[in-house]
1. Compute and list, largest first, the equivalent-ellipsoid semi-axes of the range B:110-156 from the alpha carbon gyration tensor, each √(5λ) rounded to a whole angstrom.
2. To the nearest 20 debye, what charge dipole does the range B:110-156 have about its Cα centre, counting +1 at the Cβ of each Lys and Arg and -1 at the Cβ of each Asp and Glu?
3. Quick one: if the Förster radius is 41 Å, what FRET efficiency do B:Glu154 and B:Arg52 give, using the C-beta to C-beta distance and rounding to 0.05?
4. First measure r as the distance between the Cβ atoms of A:His62 and A:Arg123, then evaluate 1/(1 + (r/R0)^6) with R0 = 25 Å and state the FRET efficiency to the nearest 0.05.
Protein chains: 2
Amino acid sequence: MTVTETHTAEEATARDDCVADRRVLPPRPEGKDRYTISEVAACTGLSAHTLRWYERIGLMPHVDRSHTGQRRFTDRDLDWLQLVNRLRSTGMPVADMVRYAELVRAGEHTCGERLELFEATRRDVLRRIEELQETLTVLDYKIDIYANAQRASEGT
Amino acid sequence: MTVTETHTAEEATARDDCVADRRVLPPRPEGKDRYTISEVAACTGLSAHTLRWYERIGLMPHVDRSHTGQRRFTDRDLDWLQLVNRLRSTGMPVADMVRYAELVRAGEHTCGERLELFEATRRDVLRRIEELQETLTVLDYKIDIYANAQRASEGT
DNA sequence: CTCTTGCTTCGAGTGCGCTCCAAGTCCGTA
DNA sequence: TACGGACTTGGAGCGCACTCGAAGCAAGAG
């Protein structure tokens, strides 16, 4: 657990945008803070289509625009997408993530609700891990059977 | 690991229908071997519609019929559904399970392929567990932040 | 005999999460 | 000035995994 550390800084993070943990981010173009949609697509693995769709359904906090109306994503947006991607990979429905995004937009007074949401998600993730481990047992069992059947038919 | 045990019996299992592990099955109506679709629905958690659909797409081995044409599922069918349910819960696409069902129907000479399929699935499950663990770390991190933020605003 | 319940079939509909299209705008290079 | 390429929008379409509906048959209870 490397979780309890610089809490003065961390609380600021919690207060303004609830970004994901920087330590687990993939590399991103250096020294910039205004990314085009294709740059973001490349570094998040989401398609440009999907990014626009996320914005439409309210899963992205408001994205900056250039003077010609093109999207210019910030590092904060990338952090947000990083978190979304993680939650998505747990199977969290998009609607729930939208709900969380709304809470963030609604302001600081929703922090309690956000905490609950994360705790519920955490329980869910634990349950899924357990389920997968059970499945693993079944798979091992069957692999064992097939491997033995094969050895029996080849050998002897 | 409770996997290596009575292999004479287990090999017979591998040979004929590749059932799931009996030890993890939920209770089912006792002493019978011919279940109506609604009984099966009740004990698998799948809807009657879904069971018929599974049969249509080839995900069920041929199901017995009563003299009036109604489905009569056997214990073996229940075992099969048990396995299907487990694989489904890992996120395995239905198409892949159909592929496996086809291998089973094709006969014993496909056992090698089935073994490969299970091993691939196993790797997949391990990867997903890892992914979930990572997500768990992120969730813990954020829960920690929110919990601290809350304590800070309440206390003092 | 009628009623209810549960089954049969096939095809259409649903919800989710994208994914793509058409038509148009803007930018940088030659 | 012309061209290629990346961007914009709203809306339509897609693939998956169900889910439901309609119309009809069969069996048991009253």
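1. Details: eigenvalues 404, 6, 3 Å².
They are 45, 5, 4 Å, listed largest first.
2. Details: 7 positive and 10 negative charges, 13 e Å.
Its charge dipole is roughly 60 debye.
3. On the way: r = 55 Å, r/R0 = 1.35.
For R0 = 41 Å, the calculated efficiency reads 0.15.
4. Values: r = 31 Å, r/R0 = 1.25.
Efficiency computed from Cβ-Cβ geometry: 0.20.
Every number in this text was worked out from the coordinates using simple rules, so none of it is lab data. Remember, it's a predicted structure, so these values are computed and weren't measured experimentally. We place every Cβ from the backbone using ideal geometry, glycine too, and count neighbours over all the protein chains shown.
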